[in-house]
1. Which residues, taken from region 66-106, are open to solvent by less than 60 Å² (accessible area, probe 1.4 Å), within 22 Å of Gln37 (Cβ to Cβ) and acidic (Asp, Glu)?
2. Does Trp34 meet the test of being surrounded by 13 or more Cβ atoms within 10 Å (Cβ to Cβ), of a type in the set (Phe, Trp, Tyr), in a loop (DSSP other than H, G, I, E, B) and out of contact with any helix residue (DSSP H, G or I) (no Cβ under 6 Å at 6 or more places or on another chain)?
3. Find the residue count for region 76-119, including only residues that are in contact with a helix residue (DSSP H, G or I) (Cβ under 8 Å, 6 or more places away or on another chain) and aromatic (Phe, Trp, Tyr).
4. For region 46-56, which positions are polar (S, T, N, Q) and out of contact with any Ser or Thr (no Cβ under 9 Å at 6 or more places or on another chain)?
5. Could you count how many residues in region 72-90 are in a strand (DSSP E or B) and under 16 Å from Ala59 (Cα atoms)?
6. Of all the residues that make up region 13-27, how many are assigned to a strand (DSSP E or B) and without any contact (Cβ under 8 Å) to a residue 24 or more places away in the chain?
7. Among the residues of region 38-65, how many are touching a residue at least 60 places away in the same chain (Cβ under 8 Å) and open to solvent by 70 Å² or more (accessible area, probe 1.4 Å)?
Amino acid sequence: QLVESGGEWVQTGGSLRLSCAASGRTNEPYAMGWFRQAPGKEREFVAAISWGGGSTNTAGSVKGRFTISRDNTKNTGYLRMNSLKPEDTAVYYCAAQYGSMWPRNDYQYAYWGQGTQVTVSS
């Protein structure tokens, strides 16, 4: 099970940190990913991280502003978002998939959270 938190309204240029708490078979290696879906748009990849945290993949639209990380001692993943823009407004989803890879395609993830709303405006 995955539970996201941390989404809220923030002013343009502000920062947020999203969290994703995992439960269940957390002792097996799994990748974590973040995706987002804005109204009227398809879900898009944001970032992914390997089990050990040493490998990451970040979408070009957020590179340099968003940072993915994880703390396996807490079974929690994070998405630090800086310099937020109105176009970052979306529901953000955490996803997980067992294995050694850190994919960027949503169909490669079997487990999903319920989503957390991030709204950015001036």
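The values are calculated or read from the model by the stated rules, or taken from the named source; none is laboratory data. What you see is a predicted model, and the numbers here were worked out from it, not measured in a lab. Positions of Cβ are generated from backbone atoms using ideal geometry, with glycine treated the same way; all protein chains shown enter the neighbour counts. Accessible surface areas use protein heavy atoms only, side chains included; no ligands, DNA or RNA. Shrake-Rupley method; radii C 1.70, N 1.55, O 1.52, S 1.80 Å.
1. Selection gives Asp88, Asp106.
2. no
3. Residues meeting the conditions: 0.
4. In the first step, residues of region 46-56 are kept if they are polar (S, T, N, Q); the result is 50, 55-56.
Result: Ser55, single match.
5. Number of matching residues: 5.
6. Within region 13-27, the first condition is being assigned to a strand (DSSP E or B), and the residues that meet it are 16-22.
Retained after the next criterion (residues that are without any contact (Cβ under 8 Å) to a residue 24 or more places away in the chain): none.
Of the residues in that region, 0 qualify.
7. Selection size over region 38-65: 1.
Table: residues versus (1) on the phi > 0 side of the Ramachandran plot; (2) touching a Lys or Arg at 6+ places or on another chain (Cβ under 7 Å); (3) not small (Gly, Ala, Ser).
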residue: Gln37; (1), (2), (3): no, yes, yes
residue: Glu42; (1), (2), (3): no, no, yes
residue: Asn57; (1), (2), (3): no, yes, yes
residue: Gly64; (1), (2), (3): yes, no, no
residue: Arg70; (1), (2), (3): no, no, yes
residue: Gly77; (1), (2), (3): no, yes, no
residue: Val91; (1), (2), (3): no, yes, yes
